[in-house]
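The values are calculated or read from the model by the stated rules, or taken from the named source; none is laboratory data. Keep in mind it's a predicted model, so treat the numbers as computed, not measured. Only protein heavy atoms, including side chains, enter the accessible area calculation; ligands, DNA and RNA are left aside. Shrake-Rupley method; radii C 1.70, N 1.55, O 1.52, S 1.80 Å.
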Amino acid sequence: MPAAIETSRDSRTRILDAALHVIRAKGYSAARVEDICEAAGLTKGGFFHHFSSKEDLGLAAAEHFFGVADRIFSAAPYHSFPDPLERLLGYVDYRKAILRGELPEYTCLLGTMVQETYETHPAIRKVCERCIAAHVATLATDIEAAIKKYGIANDWTAASLAYYTQAVIQGAFILAKAQQSSLIAAGCLDHLRRYLGLLFTCSRSARFSHAQATTQPAWSF
């Protein structure tokens, strides 16, 4: 690959990496192009060589964040667990394990941007929603497998439970920002893990109890 093309790609990645940090630290609205250029060690001329506007950067940053996160989660150890419920609980454990460093290092760029831009920048909202939905789909696969394996009878869907896990995680990030600490987020994830475990355990128990009741003689007490 020609050196000039390689250098150009490298500078674009530096801008995107810087944007992930700055936007998660300041929010999309407060993050200035100048701040991102300073964090990337590049000039505004270099910025506008790759991006036509701040919104253009926001769209690319969402895709970049999703790509990085997808590679990280795809390589996480919980995928090796044979039981789908163990994989789901392992996912929550992994989310807790990566609550490290400063807030911009572990909070979600997608959640941060969509809260600010859902009405003012519909294009950013759409790309954030699409990336979140893609991550949800990976969870829904394991949830669906767990439902089938454990014979869970329910009035909810695998997708709805996958979205619920993301609602808890995004809410935990907001609380972490409010308290300037990851401890509250870790506690929320502990409760999420307990809930998921109880959800499958109680659903199985309820189904077993119902099956027993329907097979008992009418005169049995």
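Some points to look at:
- For the chain, the per residue solvent-accessible surface stands at 55 Å², with DNA, RNA and ligands left out and a 1.4 Å probe.
- Shown in residue order for the range 16-24 are the 3J(HN,Hα) couplings computed by the Karplus curve 6.51 cos²θ - 1.76 cosθ + 1.60 at θ = phi - 60°: 5, 4, 5, 4, 4, 6, 5, 5, 5 Hz (x for Gly and Pro).
- Dimensions of the range 79-131 from C-alpha coordinates, computed as largest minus smallest value along each principal axis and given longest first, are 43, 26, 12 Å.
- Cα-based equivalent ellipsoid, the chain: semi-axes from gyration tensor eigenvalues, Å: 43, 17, 15
- Angle between the chain longest axis and helix 84-97 axis [Cα atoms, degrees, rounded to 10]: 40
- Accessible surface of the range 1-103, 1.4 Å probe: 55 percent of it comes from carbon and sulfur atoms.
- Residue of Tyr78, Tyr28, Tyr150 that the Gaussian network model of the chain assigns the largest fluctuation, springs spanning Cα pairs under 10 Å: Tyr150
- Per atom type, the range 155-203 shows carbon and sulfur on 65% of its accessible surface, probed at 1.4 Å.
- Under 30 Å from Lys149, Cα to Cα: lysines that are on another chain or at least 8 residues apart: Lys96
- The chain: most fluctuating residue of Ala134, Ala39, Ala30 per GNM, C-alpha cutoff 10 Å: Ala30
- Highest-fluctuation residue, Leu42, Leu88, Leu16 considered, GNM on the chain with Cα pairs under 10 Å: Leu42
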